[in-house]
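Heads up, the thing below is written out as structure tokens.
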Amino acid sequence: MTQALRDGLRLMRAFATHPRQVGAVLPTSRTAVRTMLDLADLPSAALVVELGAGTGVATREILARLGPDARLVAVEIDPQLARGLAERLPDPRLQVVCDSAEDLGTHLGGERADVLVSMLPFTSLDAGLRRRLLDELPRALRPGGTALVIQYSPLVLGELRRRFGEVRTRLTPWNVPPAFLFACTRPGG
Ligand SMILES: C[S@@+](CC[C@H](N)C(=O)[O-])C[C@H]1O[C@@H](n2cnc3c(N)ncnc32)[C@H](O)[C@@H]1O
């Protein structure tokens, strides 16, 4: 069985258990992930944080772009998906955290990310949780850092604009469904 098929089955199982939390039946395409990651300077980053790492489609590509001394903290709330990530990606630069991204601050212990990558399904989450998660994004970034957000609708754009100085937008058709990519810069860099 191919990697893509295995990832698809993993995500479908998670979706069947927690549809709103997972928010997608199919994994994000590698092309969409690559287009999104091209919007930030990953090779120069010392600390990258990924939220909602799922099957690890973006995790693998982030690790491929990171320098040898950089770190990636990947947060995933689903214990089975988190366990799968840690088992399949034994990279000393990767720390998998199984928790809600709402509690990211506790795991970063005062550190701030240079780049944050969000795979979270904001539009299928309830409004209170969505607001708390969105509030975490600028908090977890260093001034001048970039938050990359992938979504299947543009609904969250206004919320991102309220929290960041600058938001660049791209649409990639190379995903099912087509995906909106947002690159948000925290002011003050
Ligand atoms: C759309 S899926 C992303 C999957 C990934 N793009 C992939 O292709 O494997 C969203 C992921 O966010 C995770 N998630 C949802 N709410 C979360 C939260 N509060 N904290 C951390 N992860 C969360 C889900 O468990 C799921 O794995």
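The values are calculated or read from the model by the stated rules, or taken from the named source; none is laboratory data. All values derive from a computational prediction rather than experimental measurement. Note that each Cβ is placed from the backbone with ideal geometry, even for glycine, and that neighbours are counted across all protein chains shown. Note: accessible area is taken over every heavy atom of the protein model, side chains too, but ligands, DNA and RNA are not part of it. Shrake-Rupley method; radii C 1.70, N 1.55, O 1.52, S 1.80 Å.
Structure values in brief
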{"item": "Candidate set: the stretch 11-59, residues that are polar (S, T, N, Q) and closer than 15 Å to A101 by Cβ; chosen: the one farthest from the ligand (Cβ to nearest atom)", "result": "T59"}
{"item": "Unmet requirement for R142, which otherwise passes all of (1) within 16 Å of the ligand (Cβ to nearest atom); (2) assigned to a strand (DSSP E or B)", "result": "(1)"}
{"item": "Condition met for E76 (within 7 Å of the ligand (Cβ to nearest atom) and without any contact (Cβ under 8 Å) to a residue 60 or more places away in the chain)", "result": "yes"}
{"item": "Contacts under 7 angstrom Cβ, first residue in the stretch 44-55 being at positive phi, partner of a type in the set (S, T, Y) and within 16 Å of the ligand (Cβ to nearest atom), 6 or more apart", "result": "G52/S118"}
{"item": "The lone exception for L66 - which of (1) hydrophobic (A, V, I, L, M, F, W, C); (2) more than 15 Å from the ligand (Cβ to nearest atom); (3) at pLDDT below 95 it fails", "result": "(3)"}
{"item": "Members of the stretch 11-25 that are in a loop (DSSP other than H, G, I, E, B) and either within 23 Å of G144 (Cβ to Cβ) or in contact with a Pro (Cβ under 9 Å, 6 or more places away or on another chain) (or both)", "result": "G23, A24, V25"}
{"item": "Selected residue (only one of L116, L125, L120 is surrounded by 14 or more Cβ atoms within 10 Å (Cβ to Cβ) and either among the aromatic types (F, W, Y) or more than 13 Å from the chain's Cα centre (by Cα) (or both))", "result": "L125"}
{"item": "Qualifying residue in the stretch 93-105 (condition: under 19 Å from F180 (Cβ atoms) and more than 10 Å from the ligand (Cβ to nearest atom))", "result": "no"}
{"item": "Any hit, the stretch 29-46, residues being out of contact with any Phe, Trp or Tyr (no Cβ under 6 Å at 6 or more places or on another chain), modelled with pLDDT of 95 or more, buried (at least 19 other Cβ atoms within 10 Å of the Cβ) and assigned to a strand (DSSP E or B)", "result": "no"}
{"item": "Selected residue [at pLDDT 95 or above, closer than 23 Å to Q151 by Cα, surrounded by 21 or more Cβ atoms within 10 Å (Cβ to Cβ) and in contact with a Cys (Cβ under 8 Å, 6 or more places away or on another chain)] from E50, E76", "result": "E76"}
{"item": "Selected residue (criterion: farthest from D41 (Cα to Cα)) from residues of the stretch 145-188 that are in contact with a Gly (Cβ under 9 Å, 6 or more places away or on another chain) and either open to solvent by less than 10 Å² (accessible area, probe 1.4 Å) or assigned to a loop (DSSP other than H, G, I, E, B) (or both)", "result": "Y152"}
